[in-house]
Amino acid sequence: MYTDRGNTTDAVRLTAVRKVYGKRDNTVVALDGVSTRFGRGTFTAIMGPSGSGKSTLLQCAAGLDHPTSGSVLLEDHELSDMNETQLTKLRRERIGFVFQAFNLLPVLTVRQNVTLPLRLAGRKPAKGRVTDVLEQVGLSERSKHRPAELSGGQQQRVAIARALICEPAVIFADEPTGALDTRTARDVLGLLRQSVQTTGQTIVMVTHDPVAASYADRVLFLADGRLAGELFSPTADSIAERMTHLGAWADDVSPPPAATVGELR
């Protein structure tokens, strides 16, 4: 098991992660010895067919689910060594989440929704921090509005601001543009891309959309719970072409060894 807790270039590292659901003869292998890393200040998209293990990988990397075996290291924290109380604290302080459903509280204003993670952690934002984050996502003039008064794209921007407010080590995004129209999705993806370029934010995004994935630095492909390759500086066309071959990959290629794929920076 990987235990180098002094690593300074990775926000998250997975080593030989295996996740099995069910018991005895009724089991499903969702992840089968996955090893990879997500470098600090990088944007990675995770893609694969339905049932390939994308969401399970995200959940294990974010400490939302426990691997059956293997290691998940977030900064200098080995998640398997932590109990649920410690994981909850870690998620509040060092991890941001953006989902397809915006998950905003309808009775709270934009500003209150953004600061909610800090309030739950018993912390106050640094002076000017909330204003800066709202300006970053283009909502400084909407801080007193409630979610029902916002468009879908604006609500997702609130969710992104909420993820950014704690200055997390990594933001995990699960189909963040799935409920948005094409133009609004492009704006939201551009905002995520900007946060990587201007503030060094690390983003790991699960998506089924080649256009969305093309905003990333790297695309990581999964098939049948195993790594099936990667692309750097991807385009929508190159991603779509790779996706068409993933079904054949599982049948024609032997499972890769449990070696790290895609070392970044």
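Here, each number is a calculation from the coordinates, and none is a lab measurement. All of these numbers come straight from a predicted model, not from anything done at the bench. Here Cβ is always computed from backbone atoms with ideal geometry, including for glycine, and neighbour counts include all displayed protein chains.
Taking the Cα centre of the chain as origin and charging only Cβ (+1 Lys, Arg; -1 Asp, Glu), how large is the dipole, in debye to the nearest 20? Intermediate values should be presented prior to the final figure.
Values: 31 positive and 29 negative charges, 233 e Å.
I would put it at about 1120 debye.
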### Query
Any idea which of THR68, LEU90, GLY22 is furthest toward the positive side of the dipole for the chain, if Lys and Arg beta-carbons carry +1 and Asp and Glu beta-carbons -1?
LEU90
### Task
Give the cross-link partners of LYS54 among the lysines, using a straight C-alpha distance below 28 Å as the criterion and excluding same-chain residues fewer than 8 apart.
LYS19, LYS23, LYS89
### Query
Given THR42, SER233, LEU191, which one lies farthest toward the positive end of the charge dipole of the chain, if we put +1 on the Cβ of every Lys and Arg and -1 on the Cβ of every Asp and Glu?
LEU191
### Task
Using amide H atoms built 1.01 Å from N in the peptide plane, name the residues 5+ places from ARG40, or on other chains, whose amide H lies under 5 Å from its own.
ASP10, ALA11
### Summary
Taking every DSSP bridge whose two residues both lie in the chain, the antiparallel percent to the nearest 5 is 55 percent
### Query
What number, rounded to the nearest 500 deg cm²/dmol, is the helix-based mean residue ellipticity at 222 nm of the chain, given -39500 (n - 2.57) per DSSP H run of at least four residues and division by all its residues?
-10000 deg cm²/dmol
